[in-house]
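Written below as structure tokens is the structure these notes are about.
The values are calculated or read from the model by the stated rules, or taken from the named source; none is laboratory data. Keep in mind that what you see is a predicted model, and the values were worked out from it rather than measured. Don't worry about glycine lacking a Cβ; one is built from the backbone with ideal geometry, like all the others, and counts go over all protein chains shown. When the accessible area is computed, the model is the full protein with side chains, heavy atoms only, and any ligands, DNA or RNA have been set aside. Shrake-Rupley method; radii C 1.70, N 1.55, O 1.52, S 1.80 Å.
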Amino acid sequence: MLAALALIVLSLLNVSTETPYDPENSGPNGWQALHEVLEDQGVSVEVVRGLNEFPSSVDGATVLVVGTTNLSPESGKDLLQQTAAADKMVVLSPASNIGSVLDLPLRISSGSTAPREPVCNSPIFRDGDTISEAGDTLILTTRVPEATTCLPPSAGFEAGGAQGGSLVSFPASDTSPELWVGGVANAFTNASVTQDANAALALRLLGRTDTLYWYIPTSADLALGNPQTLGDVLPVWLAPTAAMLGVTALAAMFIRGRRLGPIVTEPLPVTIKSMELVDARARLYERGDANAHAYRALQLAALARWAKLLGLGRGAPPESIVAEISSYTGANEAHVASLLVGKPVSDDKSFVQAARDLHALEEGTPR
């Protein structure tokens, strides 16, 4: 078996993904070798990416959960419900949220990757087994007599009353399958699976049933049940802090305003004639070939003058002004509308003609 694993690891030359512990990752931190060996041993492996792809029934199967970073307490409850009829659930590479996600009295402590011995009575280990690259230690926060802890960081780790190891198991119940939680993910990578008894442990953990559902949580799973409003995700101290800063800013504005005294008007050092401003704006329009903007300015100015002449007020809608102009001058209403509210012109020739027609309308000699 170890020889077959070694050949598979050497043959994996193309890395299709760099995600750690992914069954399609053939790099050093991937699990493609483990995936192929499981299938060679007759295990049907189904990769499930996200809870939305989770099968409706996993009766009698093994469920592998790769990491809990993308799980929330709500999606964790959904996972437990969907795996209630499974034969076994194995959670590898758990994150610090493992306790809240799966409602387990566990916390994670990082440790040495030096080889570890089981130091427990469990059927998945054999005499003389040694597991390398285990790393993380799972510690029970409350005493659970029925739990089995294996692979402690040292032989006398539990002598002082602690209960934990790199692999912790909980027996099956009426509502949940047998559960294994392990910080041994690095031991099953392409780079480490052939070392010591790593491969044997992986096959005993994951190869007991005919079907293995390889579940990889996604960011969509993390969103399940998360707060949906801005107030839910903001820290509780933000509102009083913002209120205090607002009051402070208002007080500072009031104090500074009183110190500055009343506003004093002062004439500008330069007087600019209105015609110079108009001429400058016209030159800018000409330089930018902005006939549409220039004609729109003429339309707005003409509408304002007509509204004042007809006593309609500045807020009168253009349609009302057009109707009154037509009645006042006798000009065709459609023609007036095309001049004052029609589509802007696009070239110099049509711009000049339209400007002349606007002027002629105001002069009382519509064309």
Take the Cα atoms of the chain, find their three principal axes, and give me the spread along each one in whole Å, biggest first. 111, 57, 42
Provide the per-residue ³J(HN,Hα) series for the range 94-104, in order, calculated from phi with Karplus coefficients 6.51, -1.76, 1.60 and θ = phi - 60°, each as a whole number of Hz, with x at glycine and proline positions. x, 9, 5, 8, 4, x, 6, 5, 10, 6, 10
Summed residue charge, Cβ within 13 Å of F188's Cβ, Lys/Arg positive, Asp/Glu negative: -3
Treat each spin label as a single point 7 Å out from the Cα along the C-beta direction, and report the T142 to A334 distance in nm. 8.5 nm
Neighbour-limited loop hits for GluC sites (Glu not before Pro), the range 119-228 (at most 15 other Cβ within 10 Å; DSSP other than H, G, I, E, B): E146
Spelling it out for V184: with amide H atoms placed in the peptide plane at 1.01 Å from N, the residues 5 or more places away or on another chain with amide H under 5 Å from its amide H are S93
Residue by residue, what Karplus-based ³J(HN,Hα) values in Hz, rounded to whole numbers, does the range 343-350 have, using 6.51, -1.76 and 1.60 with θ = phi - 60° and x for Gly and Pro? 5, x, 7, 10, 9, 5, 5, 5
I'd like the trypsin sites (Lys or Arg not before Pro) in the range 47-136 restricted to DSSP loop residues with at most 14 other Cβ atoms within 10 Å, sorted by number. R126
Can you sort M89, M275 by 1.4 Å-probe accessible area, starting with the largest? M275, M89
Rounded to the nearest 10 Å², what accessible area does L277 show when all protein chains are kept and the probe is 1.4 Å? 100 Å²
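Could you give the accessible area per residue of the chain, probe 1.4 Å, as a whole number in Å²?
57 Å²
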Kirkwood hydrodynamic radius of the range 40-159, Cα pairs, Å: 16.2 Å
For V45, what residues show an amide H to amide H distance below 5 Å, using hydrogens built from the backbone and excluding near sequence neighbours? L212
Where labels lie 7 Å past Cα in the beta-carbon direction, separation of A292 and D348 in nm: 2.0 nm
Using the Karplus equation 6.51 cos²θ - 1.76 cosθ + 1.60 (θ = phi - 60°), what ³J(HN,Hα) coupling, rounded to whole Hz, does each residue of the range 56-67 give in order, writing x for Gly and Pro? 6, 9, 10, 3, x, 9, 9, 10, 9, 10, 9, x
About its Cα centre, how strong a charge dipole does the chain have in debye, to the nearest 20, once Lys and Arg get +1 and Asp and Glu get -1 at the Cβ? 2320 debye
